[in-house]
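The next block holds one structure in the form of structure tokens; read it before the comments.
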Amino acid sequence: MSRFHDAAQFEAELRAIGEERYHDKHPFHILMHEGRLNPEQLQAWVLNRFYYQKSIPLKDASLVGRSENIDLRREWIGRVIDHDGRKPGEGGIERWLRLAEGVGLDRHYVSSCEGVLPATRFACDAYVRFVREKSLLEAVASSLTELFAPDLHKTRIDALLAHYPFANEGTLAYFRTRLVEAPKDVKFGLHYVLRHAETREQQLLCVAALRFKTDVLWAQLDALHHAYVSPGLVPPGAFRMENRA
């Protein structure tokens, strides 16, 4: 059994995962940030990423529903509200649909999830199952990719504004909002994991959970790159810009 890490060492171990494995380093994101994605590639990203966005409140609601920790429930329910909103026209999912409209997609088509890549579905559905089936500690740990998200959002906002005509304060509202929401969410999640991982075995489970989540994010971009960049093999039934004109 590996030696137990103190809180500072354990946190450093978790943060190192982002340095090595976070999807800001994926070639698809690099193309995006350099302004080298064409309209179809951008639309495919927005469409497929919506499937991930709509999966987030599903996994968060399942975590709330099986937790007997009232403090965890009180805190975590806010994540569902952040994405779903308190009423129609609010929340992160709505802001993502405005982005979809900004890149020229029909919001009803996006909401239907028709045309989403099979690998996107498999990856996101696996994440929802992971949170539903694993321990609460592992489920919370899997959310800690938010440690790395604000820097990516800042880079993305600047890059989209610099390179793509659809980008404005309205279409990029999702990312602006997450600059505020993500640090708040991760502060609670990180404290929870550092406090409740009381053995080295539990720490290693948290490390594995966070690695799994980075794999989920990376796999989605792998699928996009394979289908829409190189070699450009779009699976049957998946989105093609020419079919949505």
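Computed from Cα positions, the angle between helix 149-163 and the longest principal axis of the chain comes to roughly 20 degrees. Spatially close Lys pairs in the chain, defined by Cα atoms under 21 Å apart and a spacing of eight or more places or different chains, total 17. Here the Karplus curve 6.51 cos²θ - 1.76 cosθ + 1.60, taken at θ = phi - 60°, turns the phi angles of segment 91-99 into couplings of x, x, 5, 4, 5, 5, 5, 5, 4 Hz, with x standing for Gly and Pro. Ordering 230-243, 172-185 by mean Cβ neighbour count within 10 Å, with the highest value first, yields 172-185, 230-243.
Pick from R49, R36, R95: which is most flexible by mean-square fluctuation in a GNM of the chain where alpha carbon atoms under 10 Å apart are linked? Between R49, R36, R95, it is R36 that shows the largest mean-square fluctuation. Taking the charge dipole of the chain about its Cα centre, with +1 at Lys and Arg Cβ atoms and -1 at Asp and Glu Cβ atoms, the residue from H33, A227, V46 reaching farthest to the positive side is V46.
Per-residue Karplus couplings for segment 24-40, computed as 6.51 cos²θ - 1.76 cosθ + 1.60 with θ equal to phi - 60°, are listed in order as 5, 8, 5, x, 5, 5, 4, 4, 4, 6, 8, x, 10, 8, 7, x, 5 Hz, Gly and Pro entered as x. The ranking of E13, E34 by Cβ neighbour count inside 10 Å, starting from the fewest, reads E34, E13. Of the GluC sites (Glu not before Pro) found in segment 35-89, the ones in coil according to DSSP and having at most 16 other Cβ atoms within 10 Å of their Cβ are E68. Applying the Kirkwood pairwise sum to the alpha-carbon positions of segment 7-228 produces a hydrodynamic radius of 17.9 angstrom. Note on the chain: with a GNM built from Cα contacts shorter than 10 Å, the maximum mean-square fluctuation among H196, H23, H153 falls on H196. Proximity of backbone amide H atoms, modeled 1.01 Å from N, is registered between K134 and no other residue at under 5 Å, excluding neighbours fewer than 5 places apart on the same chain.
3J(HN,Hα) couplings calculated from phi for segment 170-179 with the Karplus curve 6.51 cos²θ - 1.76 cosθ + 1.60 (θ = phi - 60°) are, in sequence order, x, 6, 9, 4, 4, 5, 4, 5, 5, 4 Hz; Gly and Pro show x.
FYI, it's all coordinate maths here, none of it is from the lab. This structure is a prediction, so every number in the text was calculated from the model and none was measured. Quick reminder, even Gly has a Cβ in these numbers, built from the backbone with ideal geometry, and neighbours come from all protein chains shown.
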